[in-house]
Amino acid sequence: MEEELKKKIIDELGTKGLVNTEKWDVPSNVIHGCILSLSSRDVVEYEKVEKSVVELTQEGREVAHDGSQEHAFFRKIPAEGMLISECEPFRVGRAFAFKKNWVKKDGDKIFRAQDNVSDDVCAMLQNLKSIGENDVDMLKKRNLVVVKKMQYYLIREGSKFGTEDKHLTTEVTAQMVLEDKQVDLKPFNFHTDGLVLPCGGLHPLAKLRDDLKIIFLGLGFMEMSTSNYIDAAFWNFDALFLSQHHPARDPEDTFYLESDVLPDLPEKYFKDVQKIHEDGGFGSTGYKSAWKPGEAKKLMLRTHTTSESARQLYKMAQQPFCPAKLFSIDRVFRNESVDATHLAEFHQIEGLIVDKNLKLSHLMGILEEFYRKLGLGKIKFKPAYNPYTEPSMEVFAYHEGLRRWMEVGNSGIFRPEMLRTMGFDEDVSVIAWGLSLERPAMIRYKLNNIRDLLGHKVDIEFVKRCGINAFDEKTAFSS
Ligand code: PHE
């Protein structure tokens, strides 16, 4: 089809000097494809012309053929008038006939107000070409016409017109090979984009999660299991030495479950956690206030994946020491008021390293490496407070596109109250950090509203587009 069309264009140009595609019964994208290919080789030049055309709707076609509703109504009214109650089937026609003063009311009857009327609407529809803008608007309102935008092309000879072989072969068939036929092959154009395939796409968060997994695995990390969306407050808070009076535990911040099910918690460790909270130990004074086992046994939707890190670390502390680098990326839940940058559920990325004598410099080093690989090359640390890490640092990254520093994570060295209680020796330290998956995703896909990324308002076309573009870690965050 395309080759035939190109031939037609070239032949017509040869005879007429100008080709106008306005009347062609070929989809405009097909014509465009042909002239794009011809103009890329300077065989033709073209200009696109856009114009609006007025077309009859189905109803418009009926009126053009049978006359307008008001005319039909006018014709129906006998000399002695029509009872108002009988007019009901002609509601539309009656309204327009009154508007045009074709009919009048007298008592309970409607009479013709003129002897003869001409059906202007019908005449307009039969001769759409000669009507003015106001009439088009009126007919549009009556759903008798639609205005469609159409485009066509004016094609002229290009600088290489006539000098090129007009019929280059684009495909070599078996037949050609068998016949040993000499053909002029069309050179490949490696610079055009391929067709966008009508297929689904990975959700941007899933894509980013996969990219992050590759970064973590490349740095030698192993993935933790994070299947406990529902967890005991014990793992989410108490094991992390988070005081039972901490505001994060309030139901205003955390979703608790109404359940009588008691979580299965390691007995001795449970007691040890109670002791460190109430009386302290390992050089700490503890919180010096009563610790309620019932609070720790409450079931809740985890507020961070650090609950899983705590469970994993406890397990490791029961084994002979072995250094480890672990990560997780999964969903967490907080009782937040939902706005452009907050949702009640989101994803957290978490990384931790267990080894002997790890210091803040190790943490800063790994964070620099991690964020650089993520495409956030310029980072800054700010001292912060976190109940389960000491020291703690917030991480800020410079967003080249927005030209400002943005908070992209929270980090620190887990407290001895947490690690020693689990059973780790004094010289074992754990450096860790966490951030939301949505934050870098919003930066990467230039979104201002988190609800464009997660939830029922996500645009499926956006998801498809994100699925098509490959991840380029150097440029992903820079523009
Ligand atoms: N759990 C922290 C948060 O929810 C992140 C974090 C993880 C901080 C590990 C320090 C260490 O923001």
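The values are calculated or read from the model by the stated rules, or taken from the named source; none is laboratory data. For clarity, every value in this text was computed on a predicted model and none was experimentally measured. Don't worry about glycine lacking a Cβ; one is built from the backbone with ideal geometry, like all the others, and counts go over all protein chains shown. Please note that ligands, DNA and RNA were not included when accessible areas were found on the heavy atoms of the full protein model with its side chains. Shrake-Rupley method; radii C 1.70, N 1.55, O 1.52, S 1.80 Å.
Quick check: residue separation of Glu50 and Glu86 times 0.36 nm, minus the Cα distance between them. What number comes out in nm?
Residue separation times 0.36 nm, minus the Cα-Cα distance, leaves 8.1 nm.
Just check the range 238-279 against the gyration tensor rule for me: Cα atoms, a ≥ b ≥ c as the square roots of the eigenvalues, rounded for a/c under 1.5, and otherwise prolate or oblate depending on whether a/b exceeds b/c.
Details: a/c = 3.15, a/b = 1.23, b/c = 2.57.
The shape class here is oblate.
Of the listed pairs Lys213/Lys356; Lys7/Lys48; Lys271/Lys298; Lys8/Lys48; Lys275/Lys325, which have alpha-carbon separations greater than 27 Å here?
Violating the 27 Å limit, Cα to Cα: Lys275/Lys325.
Summing Lys, Arg as +1 and Asp, Glu as -1, what charge do residues with Cβ under 14 Å from the Cβ of Gln114 carry, Gln114 excluded?
+1
If ligands, DNA and RNA are left out, what is the accessible area of Ile460 with a 1.4 Å probe, given in Å² to the nearest 10?
About 110 Å², ignoring ligands and nucleic acids.
Tell me the GluC sites (Glu not before Pro) within the range 17-100 that lie in a loop according to DSSP and have at most 16 other beta-carbon atoms within 10 Å. Before the final figure, lay out the partial values.
Details: sites: Glu22, Glu45, Glu47, Glu50, Glu55, Glu59, Glu62, Glu70, Glu80, Glu86; in loops: Glu22, Glu80.
Taking the range 17-100 and a limit of 16 other Cβ atoms within 10 Å, the loop GluC sites (Glu not before Pro) found are Glu22, Glu80.
When only DSSP loop residues count, what trypsin sites (Lys or Arg not before Pro) in the range 300-400 have their Cβ near at most 16 other Cβ atoms within 10 Å?
Listed in order of number, the matching sites are Lys359, Lys378.
Express the carbon and sulfur contribution to the solvent-accessible surface of the chain as a percent, rounded to the nearest whole number, probe 1.4 angstrom.
Here it works out to 51 percent.
When ligands, DNA and RNA are left out and all protein chains stay put, how many square angstrom of accessible area per residue does the chain have with a 1.4 Å probe?
Each residue of the chain exposes 57 Å² on average to a 1.4 Å probe.
Helix-derived [θ] at 222 nm for the chain: sum -39500 (n - 2.57) over DSSP H runs of at least 4, divide by residue count, nearest 500?
After summing the helix terms and dividing by the residues of the chain, the value is -9500 deg cm²/dmol.
Spin-label point model (7 Å from Cα, Cβ direction): what's the Tyr385 to Asn335 distance in nm?
About 2.3 nm separates the two model spin labels.
Rounded, prolate or oblate: which fits the range 226-303 when a ≥ b ≥ c are the square roots of the eigenvalues of the alpha-carbon gyration tensor, with rounded for a/c under 1.5 and prolate only if a/b beats b/c?
prolate
When only the heavy atoms of the protein chains count and the probe is 1.4 Å, how do Phe333, Phe90 rank by accessible area, highest first? Display every interim value, and only then the final one.
Working: Phe333 20, Phe90 55 Å².
Ranked from most to least accessible, the order is Phe90, Phe333.
Taking the Cα-to-Cβ direction at Met150 and at Ile230 and moving 7 Å from each Cα, how far apart do the two end points lie in nm?
Label at Met150, label at Ile230, 6.3 nm between them.
To test your reading of the geometry: what angle, between 0 and 90 degrees and rounded to tens, separates the Cα axis of helix 204-218 from the longest principal axis of the chain?
Relative to the chain, helix 204-218 is tipped by roughly 40 degrees.
Want the number for Asn29 to Glu62: 0.36 nm per residue separation, take away the alpha-carbon distance, what's left? All intermediate terms of the calculation are to be shown ahead of the outcome.
Values: separation 33, 0.36 × 33 = 11.88 nm, distance 3.16 nm.
My answer for the length gained is 8.7 nm.
Which angle between 0 and 90 degrees, to the nearest 10, do you get for helix 360-373 versus the longest principal axis of the chain when only C-alpha atoms count?
The angle comes out at about 20 degrees.
Determine, from the Cβ-Cβ distance of Lys315 and Met364 and an R0 of 35 Å, the FRET efficiency 1/(1 + (r/R0)^6), rounded to the nearest 0.05.
0.80
Mind running the shape call on the chain? Use the C-alpha gyration tensor, a ≥ b ≥ c as the square roots of the eigenvalues: rounded below 1.5 for a/c, prolate if a/b tops b/c, oblate otherwise.
Since a/c reaches 1.5 but b/c is at least a/b, the shape of the chain is classed as oblate.
Separation between the Lys105 and Ser159 pseudo-spin-labels, each 7 Å from Cα along Cα→Cβ, expressed in nm?
It works out to 7.5 nm between the two label points.
First measure r as the distance between the Cβ atoms of His191 and Glu3, then evaluate 1/(1 + (r/R0)^6) with R0 = 22 Å and state the FRET efficiency to the nearest 0.05.
0.55
Pull out the extension gain between Asn357 and Glu133, defined as 0.36 nm times the separation in residues minus the alpha carbon to alpha carbon distance; nm, one decimal.
72.5 nm
Identify all lysines with a Cα-Cα distance to Lys104 below 16 Å; exclude those on the same chain that are fewer than 8 residues away in sequence.
Lys104 reaches Lys76.
So, with +1 on the Cβ of K and R and -1 on the Cβ of D and E, and no other charges, what is the size of the charge dipole of the chain about its Cα centre, to the nearest 20 debye?
Charge dipole of the chain: 760 debye, to the nearest 20.
Taking 45 Å as R0, compute the FRET efficiency from the Cβ-Cβ separation of Asn20 and Leu202 and round it to 0.05. Could the numbers behind the result be given before it?
On the way: r = 45 Å, r/R0 = 1.00.
Computed FRET efficiency for Asn20 and Leu202 comes out at 0.50.
Once both axes come from the Cα atoms, what is the angle between helix 2-16 and the longest principal axis of the chain, in degrees from 0 to 90, rounded to 10?
Tilt of helix 2-16: around 40 degrees.
Under a point-charge model restricted to the Cβ atoms of Lys and Arg (+1) and Asp and Glu (-1), what is the dipole moment magnitude of the range 297-425 relative to its Cα centre, in debye to the nearest 20? List each step's numbers first, then the result.
Working: 19 positive and 15 negative charges, 29 e Å.
So the dipole magnitude of the range 297-425 works out to roughly 140 debye.
Charges on Cβ only, +1 for Lys and Arg, -1 for Asp and Glu, centred on the Cα centroid of the range 187-330; of Leu212, Asn189, His277, which one is farthest towards the dipole's positive end?
His277
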